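*Asks:* The structure's right below; bear with me while I get my questions together.
No value in this document is a laboratory result; all are computed from the given coordinates. What you are looking at is a predicted structure, and each value in this text was computed from that prediction instead of being measured. In this analysis, Cβ positions are derived from the backbone assuming ideal geometry, glycine residues included, and neighbour counts consider all displayed protein chains.
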Amino acid sequence: MKQELALMFGQRVSFDEAERMLYSHDVANLPGAVEKMVLKTADAVVQPETADEIIALVKFARDKRIPLTPRGAGTSGYGGVIPIKKGIVVTFTRMKKIKHIDKDKMSVTVEPGVIWNDLEKELNSQGLALRLYPSSAPAATVGGWVGEGGSGIGSYEYGYFSDNLVEVKVVTPEGELLTLGGDDLEIISRSEGITGLAVEITLLVRKLDEEMKVLSGFRDFRALIKAIEQINNTGLPLWHVNFTTADFVKNKADAVELASGIPGNGHLRSPKEDIPPAGLHLLMVVYPGKREAEVAGRLQEILTSNGGQIQSDRAAEHEWEERFYTMRVKNLGPSLIPSEAIIPLNGITGVVEEAAVELEGISIEGSMVNQDRVTLLAFLTGDERTSAYNIGFAKSLVMMDISRKHGGRPYSVGLYFTDQAEEALGAEHLKKMTDFKMKTDPDNIFNPGKILVNSDNPVLLRAAMKAARMGEPFFGLAEKFLSDKPKVKRKMADMIARAAYACAQCGYCTETCTLYQGYNWESASPRGKWYILRQYLKGNIELDQKTVDKFLMCTTCKRCNPVCQVNLPIMELWDEFRPMLVNEMGFATYNGFEMMSESVHSDLNIWAGRRSERDDWVSADVQVEEQAETAYWAGCTASFVTTDTAENAVHILQEGGVKFCTLGKDEGCCGTPMLVAGKLDTFEFIFRNNIEGLLKRGVKEIVISCPGCYMAFAHAYPIWAQKLGYAYDFKLTHISEKAEELIKEGRLKFKYQVNKKVTWHDSCHIGRHSGIYEAPRNVLKAIPGLELVEMEHNRADALCCGSVLTRIGDPPVADKLGGMRIKEAIAVEADAIMATCPCCQVQLRASAQHNNIEMPVIDFSNFVMEALGYEYKDSSDYSMFMWGVFEKALEIMTVDGIVEMMSDMLPEIMAAMPAAMQPMLKGMEALPGSVQSPALSMMEKIIPVLMPKLLPSMMPKLMPKVLKLMKEYIPEMPVQMEEKLPTLLPAVMAKIMPYMLPEVAPKLAPRMTAYMAENGKKKKKTKIS
């Protein structure tokens, strides 16, 4: 199977254990016993891009009788995406084209992997909008909702999703492409992929209009329902109606408050005017702006006459923005016990009141489906790490039975409610689906175990569900006797461990994640990493270096933090976790960081430059004070590579009349690279150097160009200062903020026009990390003649450039990410990209070069200098030269690079072997061919075992050859770097080789034995001659 799938999908198939595990679960927090029963790991995961690929895959699977399990974004919890019979998971994440928008028919045709929020954004750009969308729209796919069906935001006016489908093209289990419409849509709608794999979907849309939002609060829930009934009776043309109980509102607020106490989350506390008073049940009503005259007055009258308190516009807007974040309450658990049902409106009061008695503290939300039905979502919290959770989770069945008692039915079927499929789908719908399934898929290849009781649904699971229902009266009593103390098989820092379980697995961070955009595999995303950690803590998977590399490679862009369903400060938690991986768990950091670390210890910089040349960028016309209240901080890259950045900055200060000092040759790396590498010892060393240098010079304000340096001083330094007992009262100012300040004060005056059209790249470390967005824009706008245009993603939503971790760890992925950003600049027809981060500049320039794109990347200060009348130096060429040198060094330090280097020094390696082994090696070379071949084959197996033990003692003898080869491989190496090699390289090799040898030795072994065989032949020839 592996060979055939690799030929079909190339890099779009994975057999990796961690990856297969990530695509074999959904959002449910199952108790341990149930998890062991149902969670199976797929044998492979494939990511098709076309319908033809799916047809070929289906024919292959049918021929081999391999089960296929379709997967959208995995945002449901009904088990529909779990590969109960293993086989192949088919994920549609790469099929995300919006194929056609038909404004005449008011429809849109898309591929199944299109995310709802992305579709809404594209429709809005053309004056259209979705009729309805799921509450999981930031992650859920169109194909996923076709499979599961249901209702969502907008269902008051537009009903169920299936009511808005026009046509679906599917690949049947027979491998045929079939177009379904009209009544035949029941074959595929809500089928969860058991009857076909959707490859193209056409749905109805509406005209875009302003959304008028009215939020009201009720002390009495019955009054809230009465208000809804009166709204229905008057026929008000509303689009969306939903309610949340007072307990839900309280629990959600408590969860946010809890999250706000986590370091990095202080910003979460909302202003009081955004939060409705405690104890209110909330009713949200939304309608199109064009209906304002028809709706507003009558609606207000109905709400207030029933005791509704109209909330402020800010509160309404806040609640509306929170419509995608129903699982915030999970953070209280950290596990969630959900229940979902469709209930008649006339039964909803009974459900809510009975649930409040039977299930204390339950959070309930309801959304209207037309005028007569409510989709009810209920949450209890628990802790899956405890014994009590096994009983607590079964409370979801209690909630389901309460719903059924009042006329409700299951929202979906999936894996767990197959015995209620007819109730959920309707007899006619189920029969149509079943008949098609039996006819086209007699071997049950498509998503076995789902919807149909007799389709490989686990017998034990059905028995367990029945037993759980029978035991409902005893749940409360049993729960009290079971432990509520968390137990895991492996230990980890409490904050990280809890976060791994608190993660909602909603997937909001997945498509947002920069690293995921580069790899398109879940293991690169925060969701994937949290799940891996959760399974590691449970003892279900081991962490290996390959998996750890993905943790270390996070670009620190912080795009994930704002979208997290449970408010985890994800980036900050990764910062905490990296040192644990490297220092406590013994994993390797990236080799490039070991090179940087040694350079920092010897010369205080990451570029292997001479410390004595740190401030050579200061030109003769600039006056630098020995001591001053203001210090300019250049950073490593601006000091040694992009020197125009530093030189321009001090000219701006001088032009504005600011007296300043620098740390000169005492300035060190800010330490950011060491933090992200997990090298806390090096960070502490450089932190002490820098803080003492600043204090010695009487500095009160630090003006910084580099965003990475700014982030270190703004976020890491205060923590470390407190930890190590240093005073830290510095004012931090970015150079763009200082320039803006000087312009406003009239101390910086532009004299010349700069006739360019430019776009601004928001570097992550001064943008999302530090909130500096407008200052650089205001400075650029003040330059005469300069036109500033915005890229599609800007400010808090800006794309990351893809550096530094990815540029060091996986350059091809860095090129892809950088190329994405550059293409946005091309789309707005910019003449150049302006940036203030030296690392972003190097990354974008490298990406432009490797993607064959012409797009200048210019430092923010260059055009400021030109407008002031200075000639600036463009360091683009030199930065690319220096990066080229560093990149070659990184290539040499990879596994394949080390294998090639060691292959080039096999004579030296053989000569450096211990004296006791020399007779054996020479004897091997002298053996006759018939004996030598099996002897060398045996030797080839022994080498990977021996090399890790022998090489450390051999390295001193081999180092002269290593140094010589490095100079040959990098002939353009700068002289200052060459000077450092004799001391820097041995230290680096000593750090990296123990981690690399297990991979290097097996690849080197056949080359060593081949060398011995060839050397033996030469010696025999020489002897004969």
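*Asks:* Pop the C-beta distance of Glu701 and Glu774 into the FRET formula with R0 = 25 Å and round what comes out to the nearest 0.05.
*Replies:* Details: r = 20 Å, r/R0 = 0.80.
Computed FRET efficiency for Glu701 and Glu774: 0.80.
*Asks:* Right, here's the next one. Express as a percent, rounded to the nearest 5, the fraction of DSSP beta bridges in the stretch 12-108 (both residues included) that run antiparallel. Spell out each step's value before the answer.
*Replies:* On the way: 4 of 11 bridges.
Once the DSSP bridges in the stretch 12-108 are tallied, antiparallel ones form about 35 percent.
*Asks:* Can you check how the C-alpha radius of gyration of the stretch 701-814 compares to 2.2 N^0.38 Å, as a plain ratio? Kindly include the intermediate steps, with their values, before the conclusion.
*Replies:* On the way: Rg = 16.7 Å, N = 114, 2.2 N^0.38 = 13.3 Å.
Normalised Rg, Cα atoms only: 1.26.
*Asks:* Another question, then. Going by amide H atoms built from the backbone, whose H comes under 5 Å of the H on Met212, apart from near neighbours?
*Replies:* Those qualifying (amide H under 5 Å, at least 5 residues apart or on another chain) are Tyr287, Gly289.
*Asks:* Enter the Cα centre distance for the pair the stretch 891-917 and the stretch 502-527, rounded to the nearest angstrom.
*Replies:* 39 Å
*Asks:* Please compute, over every Cα-Cα pair in the stretch 133-288, the percentage with a separation greater than 28 angstrom.
*Replies:* Value for the stretch 133-288: 42 percent of Cα pairs lie more than 28 Å apart.
*Asks:* Here's a follow-up. Cα atoms only, the stretch 10-79: Rg and Dmax in Å?
*Replies:* Considering the stretch 10-79 through its Cα atoms, Rg and Dmax are 13.5, 40 Å.
*Asks:* Here's a follow-up. Say the cut-off is 23 Å between C-alpha atoms; which of Lys749/Lys873; Lys40/Lys64; Lys558/Lys679; Lys738/Lys816; Lys2/Lys85; Lys922/Lys1021 go over it?
*Replies:* Numbers: Lys749/Lys873 21 Å; Lys40/Lys64 20 Å; Lys558/Lys679 20 Å; Lys738/Lys816 34 Å; Lys2/Lys85 17 Å; Lys922/Lys1021 15 Å.
Over 23 Å apart, Cα to Cα: Lys738/Lys816.
*Asks:* Turning to a different aspect of this structure: Name the residues of the stretch 858-901 whose amide N is less than 16 Å from a point 7 angstrom out from the Cα of Lys964 along the C-beta direction?
*Replies:* Correct set: 901.
*Asks:* So what's Rg/Rh here for the stretch 591-887, counting alpha carbon atoms and using the Kirkwood radius for Rh?
*Replies:* On the way: Rg = 18.0 Å, Rh = 19.2 Å.
That ratio is 0.94, to two decimals.
*Asks:* May I pose another question? Would you list which aspartates and glutamates come within 16 Å of Lys290, measuring only between C-alpha atoms, while excluding same-chain residues fewer than 8 positions from it?
*Replies:* Partners found: Glu157, Asp209, Glu210, Glu211.
*Asks:* What does the highest-first list of 603-616, 912-925, 803-816 look like by mean Cβ count within 10 Å? Each step should come with its number before you reach the end.
*Replies:* On the way: 603-616: 19.7, 912-925: 12.9, 803-816: 22.2.
Order by mean packing, descending: 803-816, 603-616, 912-925.
*Asks:* If you don't mind, there's one more thing I want to ask. From a point 7 Å beyond the Cα of Glu428 in the direction of its Cβ, which residues of the stretch 144-180 have a backbone N at a distance under 18 Å?
*Replies:* Hits in the stretch 144-180 for Glu428 at 18 Å: 160-165.
*Asks:* If I take every Cα pair under 8 Å that is 6 or more residues apart in the chain, average their sequence separation and divide by the length, what percent do I get for the relative contact order?
*Replies:* Once normalised by length, the contact order is 8 percent.
*Asks:* With only alpha-carbon pairs counted, each pair once and no self-pairs, how large is the Kirkwood hydrodynamic radius of the stretch 556-702 in angstroms? Please report the intermediate quantities before stating the final value.
*Replies:* Details: mean 1/r = 0.0593 Å⁻¹.
The answer is 16.9 Å.
*Asks:* Rank these for me by crowding, His601, His761, His734, His429, going from fewest to most other beta carbons within 10 Å.
*Replies:* On the way: His601 14, His761 28, His734 24, His429 20.
Ascending number of Cβ neighbours within 10 Å: His601, His429, His734, His761.
*Asks:* Compute the projected area of the convex hull of the Cα atoms of the stretch 903-1024, averaged over all viewing directions, and report it in nm² to one decimal place.
*Replies:* If I average the Cα hull's projected area over directions, I get 8.5 nm².
*Asks:* Whole angstrom only: what separates the Cα centroid of the stretch 759-783 from the Cα centroid of the stretch 695-736?
*Replies:* 19 Å
*Asks:* Related question: If you take every DSSP beta bridge whose two residues both sit in the chain, what share of them, in percent to the nearest 5, is antiparallel? Let's see the in-between values first.
*Replies:* On the way: 63 of 90 bridges.
Counting DSSP beta bridges with both partners in the chain, the antiparallel share is about 70 percent.
*Asks:* For Glu122, put the label point 7 Å out on the Cα→Cβ axis and report which residues of the stretch 41-77 keep their amide N under 16 Å from it.
*Replies:* The answer is 49-51.
*Asks:* Count neighbours as other Cβ atoms within 10 Å of each site's Cβ, and list the GluC sites (Glu not before Pro) in the stretch 344-387 that are DSSP loop with at most 12 such neighbours. Don't skip to the answer; put the middle values down first.
*Replies:* On the way: sites: Glu353, Glu354, Glu358, Glu360, Glu365, Glu384; in loops: Glu360, Glu384.
Listed in order of number, the matching sites are Glu360.
*Asks:* Enter the mean projected area of the convex hull around the alpha-carbon atoms of the stretch 769-909, in nm², rounded to one decimal.
*Replies:* Values: hull surface 42.4 nm².
So the Cα hull casts an average projection of 10.6 nm².
*Asks:* Continuing with the same structure: If the chain between Asp16 and Ser903 were fully stretched, how many nm would it gain, using 0.36 nm times the residue separation less the Cα-Cα distance? Don't skip to the end; give the middle numbers.
*Replies:* Numbers: separation 887, 0.36 × 887 = 319.32 nm, distance 2.93 nm.
Length gained between Asp16 and Ser903: 316.4 nm.
*Asks:* Okay, moving on. Want the number for Glu829 to Val885: 0.36 nm per residue separation, take away the alpha-carbon distance, what's left?
*Replies:* Details: separation 56, 0.36 × 56 = 20.16 nm, distance 3.20 nm.
Stretched fully, the Glu829-Val885 segment lengthens by 17.0 nm.
*Asks:* Another question, then. Below 12 angstrom from the Cβ of Ile302, what's the summed charge of the other residues (Lys, Arg +1; Asp, Glu -1)? Let's see the in-between values first.
*Replies:* On the way: positive: Lys226, Arg298; negative: Glu229, Glu301.
Charge balance near Ile302 sits at 0.
*Asks:* Can you pull the three principal axis extents for the Cα set of the chain, in Å, largest first?
*Replies:* 95, 88, 61
*Asks:* Same structure, new question: Output wanted: per-residue J couplings in Hz (rounded whole) for the stretch 446-452, from phi through Karplus 6.51 cos²θ - 1.76 cosθ + 1.60, θ = phi - 60°, x for Gly and Pro.
*Replies:* Each residue's phi maps through the Karplus curve to give 7, 6, x, x, 9, 6, 8 Hz.
*Asks:* Could you work out, for the stretch 95-207, what percent of all Cα-Cα pairs fall into each 10 Å distance bin, beginning at 0 Å and stopping at the bin that holds the largest distance?
*Replies:* Taking every Cα pair in the stretch 95-207, the percentages come to 15, 52, 29, 4, 0.
*Asks:* Return the calculated 222 nm mean residue ellipticity for the chain, to the nearest 500 deg cm²/dmol, obtained by summing -39500 (n - 2.57) across DSSP H runs with n ≥ 4 and dividing by the residue count.
*Replies:* Numbers: 42 runs with 480 residues, N = 1025.
One gets -14500 deg cm²/dmol as the mean residue ellipticity at 222 nm.
*Asks:* Next question, about the same structure. Taking Lys395 as the anchor, which lysines have their alpha carbon closer than 17 Å to its alpha carbon, excluding any fewer than eight residues away along the same chain?
*Replies:* Lys330, Lys405, Lys466, Lys480
*Asks:* Once you have the alpha carbon radius of gyration of the stretch 882-954, what is it after dividing by 2.2 N^0.38 Å, with N set to its residue count?
*Replies:* Taking N as the residue count of the stretch 882-954, the ratio is 1.40.
*Asks:* Using only Cα atoms, locate the centre of the stretch 230-298 and the centre of the stretch 537-610, then give the distance between them in Å, rounded to an integer.
*Replies:* Comparing the Cα centres of the stretch 230-298 and the stretch 537-610, I get a distance of 39 Å.
*Asks:* What is the packing order of peptides 933-946, 838-851, 391-404, taking the mean over residues of other C-beta atoms within 10 Å and listing the highest first? All intermediate terms of the calculation are to be shown ahead of the outcome.
*Replies:* Numbers: 933-946: 13.9, 838-851: 24.2, 391-404: 22.1.
For the peptides 933-946, 838-851, 391-404, the packing ranking is 838-851, 391-404, 933-946.
*Asks:* When only Cα pairs under 8 Å and 6 or more residues apart are kept, what is the percent relative contact order across the stretch 903-1024? All intermediate terms of the calculation are to be shown ahead of the outcome.
*Replies:* On the way: 62 pairs, mean separation 58.2, N = 122.
The value is 48 percent.
*Asks:* Next up: Excluding same-chain residues fewer than 8 positions from Lys489, which aspartates and glutamates have a Cα within less than 14 Å of its Cα?
*Replies:* Hits, sequence-local ones excluded: Glu384, Glu542.
*Asks:* Given Lys991/Lys1020; Lys226/Lys450; Lys252/Lys529; Lys103/Lys439, which pairs have Cα atoms separated by over 31 Å? Mind dumping the intermediate values first?
*Replies:* On the way: Lys991/Lys1020 40 Å; Lys226/Lys450 39 Å; Lys252/Lys529 25 Å; Lys103/Lys439 38 Å.
With Cα atoms farther than 31 Å apart: Lys991/Lys1020; Lys226/Lys450; Lys103/Lys439.
*Asks:* Projected onto the charge dipole of the chain (+1 at Lys/Arg Cβ, -1 at Asp/Glu Cβ, origin at the Cα centre), which of Thr434, Gly127, Thr510 gives the Cα projection farthest towards the positive end?
*Replies:* Positive-most Cα among the choices belongs to Thr434.
*Asks:* While we're on this one: Could you tell me the calculated FRET efficiency between Glu692 and Arg94, based on Cβ-Cβ distance and R0 = 41 angstrom, to the nearest 0.05? Numbers along the way, then the final one.
*Replies:* On the way: r = 52 Å, r/R0 = 1.28.
Between Glu692 and Arg94 the formula returns 0.20.
*Asks:* How do 40-52, 327-339, 952-964 rank on mean C-beta neighbours within 10 Å, highest first?
*Replies:* Ranking the peptides 40-52, 327-339, 952-964 by packing returns 327-339, 40-52, 952-964.
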